[in-house]
Amino acid sequence: MRTRSGDPAILCDIVTAELGRASARKWSITDDGLWCKVTPDTYAIPDQGWKLHVSATMLSAPVVLSRVSRVLAGAGCAFKFPARLDDYWKFLEPHCSRAQAGKFITVYPRDDAESVRLAALLDEVTRGLPGPVILSDRPYRAGGIVHYRYGAFRGHRTLGNDGFYEIRLRAPEGHLVLDAREPRFSPPPFAVCPFEVPAAGRRPGAAAVMLNGRFVVREAVRHANRGGVYLAEDTRTGREVVVKEGRPHACADLSGRDARDRVATERSRLEDLAATGAVPAVVDFFEQGGHAFLVEERVPGITLQRWSDGNAGPLGETGFGNGAAEVLPVLGRLVGLLKAVHGRGHVFGDLSPNNVMLLPGGELRLIDLEHAAVPGDTVMVGGTPGYLAPELVEHVGEPRPAPDGGADLYSLGAMAYFLAVGAHLDPPAPHLDPPDADLDPPDADLDPPGSGRGATGLDRVAAVATANPTLALLRPLAEGLLAAEPERRWPLERCERFLAELTPGLSAAELTPRPGAAGLTPGEVASGLDAGPGAAGPTRRSAAGLTPEPAAGGSGTGRSPGEARLSHRIDRLIDGGIAHLVEAADPGDGGLAA
């Protein structure tokens, strides 16, 4: 047995021990930095076929790997697994690509017959062990953690028109087709499934889904590894509601908490804060088919991100951003919401433009309480880059005691900057890469000239304030809230006094935010819906994917809608395209595709 590149780790040690136990000496274990690839020296890797995936949780992973590698060592079959247990979290965290989520062990059988035989053996030895459903695959057994899909083992690397290599499959007729990795079971038409197809299953065009005998699902708003967000009709009241799903074993961390626990915690926070009127009301909470569902009221309005997108533009001859008369009332009401939340002994944890709704009457609501907590509770640290306090940045993705209200104060300062400028602050150092972090990335904003992109901390506020009259007005507050040391940040009472001194000269009409300023009527956008990573406005999703709604009309501020929105969409298309190509690319030199 040969081990090449990479230091020994606990998972590799487990496999090494199982290979030794099976007297399997002519094997190679190769660590390419992310994957450990385990291959018999005489193994001829097929180009494509029915591969197996075995899922696990962070807690069950060592046991799953031990049992699976024992079977595969005896069978002489190649497989791979994450080189380190921490690497596997990348395939479990809430914003992992759904097509890749949960894939702990990938098995490469020699042919269809071996695929079926090994699936049965692996299902037997892993029965009762927890792991999430792998959405790109079909489970071998309902409730089991062994899955199968047809795809490339090595595949055929083809240079695409955009300059990136793609992995392709060869059809029986000889032509190459893309090995599409979708978050649903979608084998190519020519692949004949050797497994027994489950008799039950929802067919396209089947009747609408009814949840808890009461809620009829009408539309999928967002799909994510942790579960979907849906619009549904409450048949008791006839009202539209928002349903959030927590999938069993999805996003399960080393404490054993999974997406179901997170949804249940969010429900508790909503109920704790119900008396404040700052959050959506809970309509129902239940489990069905092992999944947890939180039902909330659907609040009308638009996010502050969407509001700013429709308003921000040139201010006079040299300035840019949002006018003070529109920003001050929004910021004042935001301070009031945080004060109400803190008054109930909670921190919001993820104050950002996509998590605040502006109602038709000008009131605000906080949505998406995924990171809300009582200070001192153990939480998985996360939030939105640019809005997450510096003392939390280096601990993203770690279980730690929940921060106190000082973290929300920093987020409020970042919100003051955003509302004035119409752009996001960069995350404080150290820079975080989204694949390694439990973060909701901010929208790919269009930064006006002089926006200070690339600067850091309070220096950026000072630089941008010279060209932005609203930020210049709010500079003392923004700098007071963005202090690196939590104890130096302005308390909310001081923020209230500061804003009160700025507003006496403005009329009531001037101090009422306009929800329709983005060119939308209040009923056009759903509230209480997680905008999700990088969302800039309302979207409609279905099983087929994402279809952005048309951009809103001009804001009347003199900004060119075509220039801003075209640049914005190009950035998002490039980001999405690169992410897709990275997922489709061969992940390592060993030629074993996921």
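Quick check on segment 122-131. Is at least one of its residues under 29 Å from the mean Cα position of the chain (by Cα) and without any contact (Cβ under 8 Å) to a residue 24 or more places away in the chain? Looking for residues that are under 29 Å from the mean Cα position of the chain (by Cα) and without any contact (Cβ under 8 Å) to a residue 24 or more places away in the chain, one finds at least one in segment 122-131, hence yes.
Of all positions in segment 147-164, none carries a residue that is in a loop (DSSP other than H, G, I, E, B), under 25 Å from the mean Cα position of the chain (by Cα), buried (at least 23 other Cβ atoms within 10 Å of the Cβ) and of a type outside the set (Gly, Ala, Ser). The set of residues in segment 60-93 that are assigned to a helix (DSSP H, G or I), within 22 Å of the chain's Cα centre (by Cα) and not aromatic (Phe, Trp, Tyr) comprises LEU85, ASP86, ASP87, LYS90. Residue under question is LEU169, and the condition is that it be part of a helix (DSSP H, G or I) and either in contact with a helix residue (DSSP H, G or I) (Cβ under 7 Å, 6 or more places away or on another chain) or hydrophobic (A, V, I, L, M, F, W, C) (or both); does it hold? When the stated conditions are applied, LEU169 does not pass them. What's the number of the condition GLY33 fails, among (1) out of contact with any helix residue (DSSP H, G or I) (no Cβ under 7 Å at 6 or more places or on another chain); (2) buried (at least 20 other Cβ atoms within 10 Å of the Cβ)? The single condition GLY33 does not satisfy is (2).
Looking only at residues in segment 275-294 that are out of contact with any strand residue (DSSP E or B) (no Cβ under 7 Å at 6 or more places or on another chain) and farther than 19 Å from GLY213 by Cβ, the one that is surrounded by the fewest Cβ atoms within 10 Å (Cβ to Cβ) is ALA275. When the residues of segment 98-146 are filtered to those that are basic (Lys, Arg) and under 13 Å from ARG184 (Cα atoms), the one that is surrounded by the fewest Cβ atoms within 10 Å (Cβ to Cβ) is ARG138.
Reported count of residues in segment 1-29, each being part of a strand (DSSP E or B) and either of a type in the set (Gly, Ala, Ser) or modelled with pLDDT of 90 or more (or both), is 3.
Of the residues making up segment 42-80, those that are of a type outside the set (A, V, I, L, M, F, W, C) and within 15 Å of TYR108 (Cβ to Cβ) are THR42, TYR43, PRO46, ASP47, GLN48, GLY49, LYS51, HIS53, SER69, GLY76, LYS80.
Checking each residue in segment 383-423 for being assigned to a loop (DSSP other than H, G, I, E, B) and at positive phi picks out GLY386, GLY397, GLY422. In the set (1) in contact (Cβ under 8 Å) with a residue 24 or more places away in the chain; (2) assigned to a helix (DSSP H, G or I), the condition left unmet by GLY345 is number (2). When residues in segment 356-412 are screened for being basic (Lys, Arg) and surrounded by 24 or more Cβ atoms within 10 Å (Cβ to Cβ), 0 of them pass.
Filtered by the rule that a residue be more than 12 Å from VAL299 (Cα to Cα) and either part of a strand (DSSP E or B) or touching a strand residue (DSSP E or B) at 6+ places or on another chain (Cβ under 6 Å) (or both), segment 354-370 gives a lone residue, ASN354. Against the numbered list (1) surrounded by fewer than 23 Cβ atoms within 10 Å (Cβ to Cβ); (2) not assigned by TED's automatic domain parsing to the domain that holds ALA500, CYS251 comes up short only at (1).
Screening the candidates ALA171, ALA99 for the property of being within 23 Å of the chain's Cα centre (by Cα), among the aliphatic types (A, V, I, L, M) and in the same structural domain as ALA56 (by TED's automatic domain parsing) yields one hit, ALA99.
The values are calculated or read from the model by the stated rules, or taken from the named source; none is laboratory data. Fair warning: this is a prediction, and the values are worked out from it, not measured in the lab. A quick note on method: Cβ atoms are made from the backbone with ideal geometry, for glycine too, and the neighbour counts reach across all protein chains shown.
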